[in-house]
Amino acid sequence: MPKQKPEIRKHNFNEVALGYTADQAVAEAERCLQCPKPQCVSGCPVEIEIPDFIRLIKERQFDEAVKEVKRRNSLPAICGRVCPQEEQCQQQCVMGKAGEPINIGRLERFVADYEMNRGTSTISKQEPTGKKVAVVGAGPAGLTAAAELVKLGHEVVIFEALHKPGGVLIYGIPEFRLPKRIVAAEADYVKRLGASIETNALIGRLFTIPELLVNRFDAVFVGTGAGLPQFLKLPGENLGGIYSANEFLIRVNLMKSYAFPEYDTPIRIGKKVAVIGAGNVAMDSARSALRLGADTVYIVYRRSKAEMPARAEEVENAEEEGIIFKLLTNPTKFFGDEKGWVKHMECIEMQLGETDESGRRRPSPVEGSEFLMDVDTVIIAVGRTPNPIIQRTTKGLETTKWGTIKAEEETGKTSLPGVYAGGDIVTGEATVIKAMGAGKKAARAIHQYLASQK
């Protein structure tokens with residue numbers, strides 16, 4: 001797929017990947033073998049009939065192709081950009097056994113963008129059931145569940161704590177990877193299907209889950225994600241210039257500090273930035289810091305490149321843009337200047353041993369290998385956990401020791417009647433597409449539950 005050149009894109013927040021032209025999309029679709037027993041469909045958490053929409057692209061029936069995608073997925077422009085297709089549908093593609101798999105995600109993005117440029121249309125819905133469902137959280141799980149429930153004939157109200165819908169899609173993923181206009185358009189599509197969205201509505205404070213069930217709704221879906229940052233708990237971590245990735249990306253993305261002073265939310269970035277971690281959030285943070293004016297940006301990771309959890313595409317983009325990878329390296333302490341601002345980061349070299357429960361080789365420190373790095377900004381990107389407000393205000397809702405909500409994997413059913421949950425609030429921090437798949441499963445289960453309530 002065409003993309004901005006690294007020397008240009010590292011100075012702007014415009015989308016890096018530029019998308020297929022119609023001819024490029026058709027050429028890619030023509031590679032599809034149209035397998036009689038396609039394996040790719042089993043790798044799609046939202047169950048898109050992949051060969052069918054690819055065949056329609058091949059035949060240049062683009063309008064029909066996007067209708068086919070939207071039968072199963074209400075957020076295709078988002079999925080086509082941030083879903084890890086290489087670990088999902090494309091991993092199952094038989095073409096990948098002898099060469100490159102079909103670029104399913106890029107084709108999905110193409111048809112979604114094609115429709116968006118021409119004006120989106122909505123698909124048909126079932127007759128109203130008279131039932132009303134509250135969806136808590138307008139992230140990928142909540143938007144998906146809402147869209148599916150509306151199509152099944154239910155009245156749906158989405159409650160979103162922030163001032164814009166999108167959840168992690170809008171506060172966590174930078175403009176250069178997922179433009180805000182795309183998220184806004186997909187959320188607007190869910191509204192045009194029939195769902196209403198109430199922003200600035202923090203459930204657990206405005207209403208509790210029991211109050212929603214008693215006063216207004218027949219069922220509730222909780223899709224509030226994992227929005228609380230984790231820290232390293234190291235000496236000096238409270239120095240100025242040390243951010244959680246959560247705070248940093250919210251300021252950059254949702255509050256548009258990259259457009260200061262047009263948007264009055266400045267963020268201070270120094271000249272030497274270290275990002276701790278190697279997931280997609282770390283790559284997003286590092287690449288954002290570079291665009292905000294840093295001279296040198298490091299990714300500091302305690303394992304090797306082979307163990308990085310980030311998508312290979314995002315690692316490649318970061319490398320192209322000049323991000324420096326300090327691998328087998330772990331911070332141990334932070335030192336500040338006389339004004340309380342971070343100045344140095346003490347690190348220790350690591351070595352890899354046997355595999356741990358995650359399937360990755362376990363890192364251990366190399367004795368006597370400590371060294372100092374000069375840094376004036378540090379971004380901690382080592383994971384996020386769920387906000388506990390709903391768990392604490394919902395009596396009888398069972399949770400795990402990690403603070404996530406206990407829910408059945410195939411239905412999202414929780415310990416409370418009529419209450420379902422899905423996405424990161426159940427699994428811990430995971431992918432957008434897995435959250436969407438959970439939202440879809442929960443919507444089906446909620447529909448069955450409501451049908452049983454006379």
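The values are calculated or read from the model by the stated rules, or taken from the named source; none is laboratory data. Quantities reported herein were computed from a predicted structural model and do not represent experimental measurements. Don't worry about glycine lacking a Cβ; one is built from the backbone with ideal geometry, like all the others, and counts go over all protein chains shown.
No other residue among 27, 65 is hydrophobic (A, V, I, L, M, F, W, C), more than 20 Å from residue 433 (Cβ to Cβ) and assigned to a helix (DSSP H, G or I) apart from 27. Tallying residues that are touching a Leu at 6+ places or on another chain (Cβ under 7 Å) and surrounded by fewer than 12 Cβ atoms within 10 Å (Cβ to Cβ) within the stretch 1-43 yields 1. Just for the stretch 114-165: of the residues that are surrounded by 24 or more Cβ atoms within 10 Å (Cβ to Cβ), in contact with a Leu (Cβ under 7 Å, 6 or more places away or on another chain) and among the β-branched types (Val, Ile, Thr), which one is farthest from residue 217 (Cα to Cα)? Ranking the qualifying residues of the stretch 114-165, first place goes to 144. Here residue 260 meets the list (1) touching a residue at least 24 places away in the same chain (Cβ under 8 Å); (2) out of contact with any Asp or Glu (no Cβ under 7 Å at 6 or more places or on another chain) almost entirely, failing just condition (1).
Residue 269 meets the conditions (1) out of contact with any strand residue (DSSP E or B) (no Cβ under 6 Å at 6 or more places or on another chain); (2) in a loop (DSSP other than H, G, I, E, B); (3) of a type in the set (A, V, I, L, M, F, W, C); (4) touching a residue at least 40 places away in the same chain (Cβ under 8 Å) in every case but one. The failed one is (1). Residue pairs whose Cβ atoms lie under 6 Å apart, separated by 6 or more positions or on different chains, with the first residue in the stretch 232-255 and at positive phi and the second among the polar types (S, T, N, Q), are 241/377. Within the stretch 158-167, does at least one residue satisfy the condition of being aliphatic (A, V, I, L, M), in contact (Cβ under 8 Å) with a residue 40 or more places away in the chain and touching a strand residue (DSSP E or B) at 6+ places or on another chain (Cβ under 6 Å)? Yes; the residues of the stretch 158-167 include at least one that is aliphatic (A, V, I, L, M), in contact (Cβ under 8 Å) with a residue 40 or more places away in the chain and touching a strand residue (DSSP E or B) at 6+ places or on another chain (Cβ under 6 Å).
Within the stretch 396-454, restricting attention to residues that are basic (Lys, Arg) and not in a loop (DSSP other than H, G, I, E, B), the residue that is nearest to residue 212 (Cα to Cα) is 413.
For residue 174, are the conditions met, namely being under 18 Å from the mean Cα position of the chain (by Cα) and either of a type in the set (A, V, I, L, M) or closer than 30 Å to residue 1 by Cβ (or both)? The answer is yes for residue 174. Set side by side, the residues 339, 343 differ, and just one is outside any loop (DSSP other than H, G, I, E, B), at pLDDT 95 or above, basic (Lys, Arg) and over 24 Å from residue 225 (Cβ atoms), which is 343.
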